[in-house]
Amino acid sequence: MLYRTAGQFKTSYHADHALFPVRQDAWLLGVILVCAFVVIPAVASEFAINALLIPVLIYALAALGLNILTGYAGQLSLGTGAFMGVGAYACYKIITIFPDLNLVVAIALSGFFSAAVGVAFGLPSLRIKGFYLAIATLAAQFFLVWLFEKWSWLYNYNASGAIQVANVDMFGITVAGPNAAPVTQYYFVLGVVAVVTWFAINITRGRIGRVWKSVRDMDIAAELVGIDLMKAKLSAFAVSSYIVGIAGALFVFLWRGAAEPNLFDIPLSFRVLFIAIIGGLGSIMGNYLGAILIVALPVMLGTLPGAFGLTIASATVEHLNVMIIGALIIFFLIVEPHGLARLWAIIREKLIMWPFPH
Amino acid sequence: MRLFGKLAIASAIAVAGAAIALPASAEDSVKLPNLSYRTGPFAATGIPLMNGQRDYMLMLNERDGGINGVKLGYEECETGYNTEKGVECYEKMKAEGAIVTQPWSTGITLQVLPKSNVDKIPILAPGYGFSAMQDGKTFQWAFNPPASYWDGASMILNSIADGNLDNLKGKKVAFLHLDHPFGKEPIPLLEALAAKHGFTLLPIPVGLKEMQNQSAQWLQIRRERPDFVVMWGWGAMNAGAITEAVKTKYPMNQFVGIWWSGLDGDLKLVGDAGKGYRSLSWSLPNSESKIMKDIKQLVVEPGHSLINRDAGEFEWVFYQRGVMISLMLAEGVKTAQDHFDAKVINAEQLRWGLENLKLDDARLKELGADGMLPPFSTSCSNHTGHSGAWMLEWDGTKFVQASDLLQADRAAIDPIAEKAAKEYADANQPWPVNGECK
């Protein structure tokens with residue numbers, strides 16, 4: 001009913017390949033964007049913005065970066081956390097060296113550092129594949145975290161070895177640091193995430209995206225039809241690491257406010273990888289769904305007992321939380337092994353046929 | 001599938017609804033949250049401390065109905081020592097009207113500290129956090145009574161040098177520490193003292209992943225044969241280090257830990273072999289004191305406490321230190337109530353209370369905790385109090401007092417602390433400094 005496609009005729013190939021073949025999809029996206037840009041900032045509490053919305057957006061962005069590499073180009077990576085770290089430290093150094101630089105420019109520049117590091121650690125992908133490549137990227141994880149700890153120049157010789165975000169102004173408004181208003185930070189993150197997502201949708205639907213997909217599906221065949229594997233794989237590493245690096249810079253500058261090296265250790269990589277897998281590899285929207293499940297749901301579950309007036313010890317809630325999220329992950333993967341994005345696709349198909357399924 | 005779908009939608013709506021609705025707090029109580037870590041790699045150290053903090057607050061509510069008729073809303077928010085959970089808990093507690101933040105992890109302190117000026121909620125970090133927080137003019141909202149890490153490092157050196165650091169000339173002191181902001185904290189002071197008094201400092205970091213397996217570090221200690229090993233350990237690292245020290249037969253009387261490295265449970269693992277191990281402590285356990293008897297009678301006996309009674313947790317240094325931490329906070333609340341003639345105080349009033357703590361011998365006796373804390377007082381320029389501390393020694397079954405009250409070398413610490421505070425303020429411009437405080 002809501003998804004009735006009757007009357008929406010496609011009369012050209014161009015129309016058939018449009019981003020939104022069904023008009024309702026465009027409306028749905030419009031509603032979501034209006035919600036994200038207008039409704040949510042107006043009603044959300046400071047807690048909701050800082051503990052739910054901003055982290056979901058940042059994690060979704062990091063997962064998007066990983067998804068381009070793993071989901072679209074088929075190169076498994078376990079170094080996401082470290083690449084986020086490169087972005088964060090690069091942004092920190094850029095901001096301390098050029099304090100007057102616009103934060104957007106600094107974040108955009110810091111992505112190039114992580115892209116360069118990503119390409120360097122992506123070189124083994126030209127010879128090794130699958131799990132072996134995952135192990136090679138794991139080396140990046142260990143090496144880079146070690147570097148963040150030992151190279152004091154990176155954290156300006158701070159005694160505690162951590163980086164801290166000072167107040168950063170942009171056009172007279174404080175956007176990062178302790179004085180920044182949460183709503184400002186939300187809009188900043190939302191803006192960056194929206195632009196990068198738009199870019200990612202276009203790149204994955206275009207020529208480069210198709211090249212990546214062909215490499216993912218069968219690299220020998222791709223090579224035989226004339227695709228340069230080296231270019232394809234390294235460009236995937238570069239674009240992916242660029243996005244991941246931006247996510248890392250946002251992670252520290254717009255959300256955490258401070259970071260110590262071990263923040264970027266393997267648990268972060270796994271977390272992002274889980275978001276990408278549960279959301280759905282090879283999908284853009286899946287990253288957002290995955291981030292909501294993995295990042296936002298535990299926070300919401302944590303507030304449940306209090307909202308119902310139950311007094312459960314906080315540690316018990318935490319244990320329950322871990323169990324519930326674990327069970328949900330297994331549940332969703334059994335119901336739909338291809339992730340939440342696929343689940344949504346199935347629901348959408350059913351909605352289109354509803355109420356008269358065959 | 002269809003049922004699953006409906007269930008999923010129903011629960012999603014319930015969860016979303018719950019996240020928006022935040023419960024209101026009762027009128028006659030003050031909210032004193034604690035960012036606890038009863039889970040995760042540091043839980044072993046955390047649980048007895050949290051239990052002590054909780055039980056003292058419960059006891060006050062039970063015995064006196066709170067403070068001046070205001071119930072103490074002690075509430076835990078579990079972080080598992082995870083900085084990400086820390087942000088979440090901080091925001092949650094702030095939204096619910098918390099008047100204090102007890103961050104526990106150094107990483108969480110780092111995140112919360114800059115916000116304290118904006119949100120105007122005092123941070124209470126007894127015996128941890130930045131040592132530079134002693135400078136109350138710069139860190140107006142942060143408190144780390146009764147002693148800072150730099151105080152601790154100085155006291156340990158004084159103790160092993162028999163009161164005169166020049167005795168350490170030509171000796172080698174290994175500094176076994178967690179490779180984490182917490183463990184790195186005393187290094188600047190130790191380096192300065194080593195240069196001044198001519199001893200060799202050998203920093204040996206233990207990575208977070210190597211906490212339970214420190215064979216490499218102890219191999220280095222065996223090779224280097226330091227005269228003393230000073231440990232800055234936390235959680236699982238302490239047990240790992242102590243068992244390795246026993247295994248490598250390092251003389252226990254040359255092995256000294258900071259106050260967080262003195263968990264009874266860790267030493268119980270080695271028992272007699274750990275005899276002679278010393279740990280600095282700004283709290284002395286005394287189960288016969290009035291305060292502990294009250295807790296036993298009103299909280300532990302009726303079964304309200306979460307402590308492990310079979311393990312004898314009640315007697316532990318850490319449990320009773322948790323009690324002392326809550327005692328300082330409760331005293332801050334009371335001081336603020338008396339000064340502002342208010343019952344339900346707000347965060348700014350509590351800040352005043354914490355800034356004007358006066359826990360002298362008479363007051364500690366009145367509270368029934370005489371001898372359990374060294375007397376100290378705070379002021380607007382001194383947010384630490386610098387109480388000094390005692391050395392505790394493991395006698396095979398428990399920790400016993402092994403020294404008189406030690407004091408830190410103020411002349412060595414204060415200039416470094418002042419410099420560090422200034423650096424911090426400069427790096428975080430605009431940073432308000434309390435100009436009224438002389």
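Derivation of every value follows stated rules applied to the coordinates shown; laboratory data play no part. These numbers come from a predicted model, not from an experiment. When we count neighbours, we look across all protein chains shown, and the Cβ atoms used for this are built from the backbone with ideal geometry, even at glycine.
Place a point 7 Å from the Cα of B:R225 along the Cα-to-Cβ direction; which residues of the range B:153-186 have their backbone N under 13 Å from it? Of the residues in the range B:153-186, B:172 have backbone N under 13 Å from the label point off B:R225. Checking the cross-link pairs B:K85/B:K343; B:K115/B:K343; A:K129/A:K233; A:K129/A:K231; A:K129/B:K209; B:K169/B:K249 against a 20 Å limit on the alpha carbon distance flags B:K85/B:K343; B:K115/B:K343; A:K129/B:K209; B:K169/B:K249 as lying beyond it. Distance between the C-alpha centres of the range B:332-366 and the range B:264-309: 27 Å, rounded to the whole angstrom. A dipole drawn for the protein assembly as shown from +1 and -1 charges on Cβ atoms has a positive end, and of A:T70, A:V22, A:V189 the residue lying farthest that way is A:V22. By the gyration tensor of its Cα atoms, with a ≥ b ≥ c the square roots of the eigenvalues, what is the shape of the range A:52-125: rounded for a/c under 1.5, prolate for a/b over b/c, or oblate? Oblate is the answer for the range A:52-125, as a/c is 1.5 or above yet b/c matches or exceeds a/b. Computed 3J(HN,Hα) for the range A:40-53, one whole-Hz value per residue from the Karplus formula 6.51 cos²θ - 1.76 cosθ + 1.60 where θ = phi - 60°, is 4, x, 6, 10, 6, 7, 4, 4, 4, 5, 7, 9, 10, 5, glycine and proline marked x.
Here r is the Cβ-Cβ distance between A:L2 and B:A195 and R0 is 60 Å; the resulting FRET efficiency, rounded to 0.05, is 0.20. Taking A:I97, A:I330, A:I54 as the candidate residues, the one with maximal mean-square fluctuation in a Gaussian network model of chain A, Cα springs under 10 Å, is A:I97. What is the antiparallel percent of DSSP beta bridges lying wholly in the protein assembly as shown, to the nearest 5? Beta bridges within the protein assembly as shown, antiparallel portion: roughly 40 percent. Structural descriptor for the range B:140-253: relative contact order 29 percent, calculated from alpha carbon pairs under 8 angstrom and at least 6 residues apart. Between the range B:78-137 and the range B:374-438, the alpha-carbon centres lie 18 Å apart. Amide H contacts for B:G127 (H built 1.01 Å from N in the peptide plane; partners 5 or more residues away or on another chain; cut-off under 5 Å): B:A147.
In this calculation the C-beta distance from B:N213 to A:F270 is compared with R0 = 22 Å, giving a FRET efficiency of 0.55. Summarising the amide proton neighbourhood of B:L284: residues at separation of 5 or more, or on other chains, whose placed amide H is nearer than 5 Å comprise B:L373. For the range B:298-438, just say rounded, prolate or oblate: build the C-alpha gyration tensor, square-root its eigenvalues into a ≥ b ≥ c, call rounded for a/c under 1.5, and beyond that prolate if a/b exceeds b/c, oblate if not. It is oblate, given that a/c is not under 1.5 and a/b is not larger than b/c. Residues B:E436, B:E191, B:E62, arranged from fewest to most other Cβ atoms within 10 angstrom of their Cβ, appear as B:E436, B:E191, B:E62. One chain, two ends: A:A313 and A:L351. Fully extended at 0.36 nm per residue, the span grows by 9.5 nm beyond their Cα-Cα distance. Once you reduce the range B:141-175 and the range A:212-249 to the center of their Cα atoms, the two points are 55 Å from each other. Between B:S379 and B:K296, the FRET efficiency estimated from the beta carbon spacing at R0 = 25 angstrom works out to 0.10. Our summary gives the range A:151-254 a relative contact order of 21 percent, counting only alpha carbon pairs under 8 angstrom and 6 or more residues apart. By the scheme Lys and Arg +1, Asp and Glu -1, what is the net charge of all other residues having a beta-carbon under 12 Å from that of B:L406? Taking every other residue near B:L406 into account, the sum is -3.
Once backbone amide H atoms are built at 1.01 Å from N, B:L32 has B:G73, B:Y74, B:E75 as its partners under 5 Å, excluding neighbours fewer than 5 places away on the same chain. Taking 4.7 Å between C-beta atoms as the pairing limit, the protein assembly as shown has these partnerless cysteines: A:C35, A:C91. When the range A:47-265 is described by a simple charge dipole with +1 on each Lys and Arg Cβ and -1 on each Asp and Glu Cβ, the residue from A:A258, A:S241, A:I54 located farthest towards its positive end is A:S241. The magnitude of the dipole of the protein assembly as shown, with charges of +1 and -1 set on the Cβ of Lys/Arg and Asp/Glu and taken from the Cα centre, is near 2540 debye. Our analysis of the range A:47-265 gives Rg over Rh at 1.00, with the two radii drawn from alpha carbon positions and Rh computed by the Kirkwood formula. When the helices of the protein assembly as shown are scored as -39500 (n - 2.57) per DSSP H run of n ≥ 4 and the total is divided over every residue, the value at 222 nm lands at -16500 deg cm²/dmol.
For chain A, modelled as a GNM whose springs connect Cα atoms under 10 angstrom apart, the maximal fluctuation among A:G81, A:G71, A:G172 occurs at A:G172.
Placing unit charges on each Cβ (+1 for Lys and Arg, -1 for Asp and Glu) gives the protein assembly as shown a dipole about its Cα centre, and among B:L406, B:Q111, A:P41 the Cα reaching farthest toward its positive end belongs to A:P41.
Sparsely packed loop sites in the range B:147-187 (the trypsin sites (Lys or Arg not before Pro) outside DSSP H, G, I, E and B with at most 14 other Cβ atoms within 10 Å) comprise B:K169.
From the square roots a ≥ b ≥ c of the eigenvalues of the alpha-carbon gyration tensor of the protein assembly as shown, which class results: rounded (a/c under 1.5), prolate (a/b over b/c), or oblate? Since a/c reaches 1.5 and a/b is larger than b/c, the shape of the protein assembly as shown is classed as prolate. Counting 0.36 nm for each residue step from A:D217 to A:D25 and taking away their Cα separation leaves a gain of 66.4 nm.
Length gained on full extension, A:R205 to A:L333, computed as 0.36 nm times the residue gap minus the Cα-Cα distance: 43.5 nm. Residue exposure proxy: A:F9, A:F332, ordered by other Cβ atoms within 10 angstrom of their Cβ from fewest to most, comes out as A:F9, A:F332.
Here the dipole of chain B is about 880 debye; that uses its Cα centre as origin and unit charges on the Cβ of Lys and Arg (positive) and Asp and Glu (negative). Of the cross-linked pairs B:K334/B:K438; B:K94/B:K184; B:K94/B:K296; B:K71/B:K398; A:K10/A:K350; B:K171/B:K398, those separated by over 23 Å at the C-alpha level are B:K334/B:K438; B:K94/B:K184; B:K94/B:K296; B:K71/B:K398; B:K171/B:K398. Remark: the range A:47-265 carries a charge dipole of roughly 520 debye about the Cα centre, counting +1 on each Lys and Arg Cβ and -1 on each Asp and Glu Cβ. For the range A:65-132, the list of trypsin sites (Lys or Arg not before Pro) that fall in a loop by DSSP and count at most 10 other C-beta atoms within 10 angstrom reads A:R127.
Between B:P203, B:P302, B:P285, the residue with the greatest mean-square fluctuation in the GNM of chain B (Cα pairs under 10 Å linked by springs) is B:P302.
Sorting B:T138, A:T11, A:T197 by the number of Cβ atoms found within 10 Å of their own Cβ, with the fewest placed first, yields A:T11, A:T197, B:T138. Taking 8 Å as the Cα distance limit and 6 or more residues as the minimum spacing, I'd like the relative contact order of chain B as a percentage. Once divided by the residue count of chain B, the mean separation gives 20 percent.
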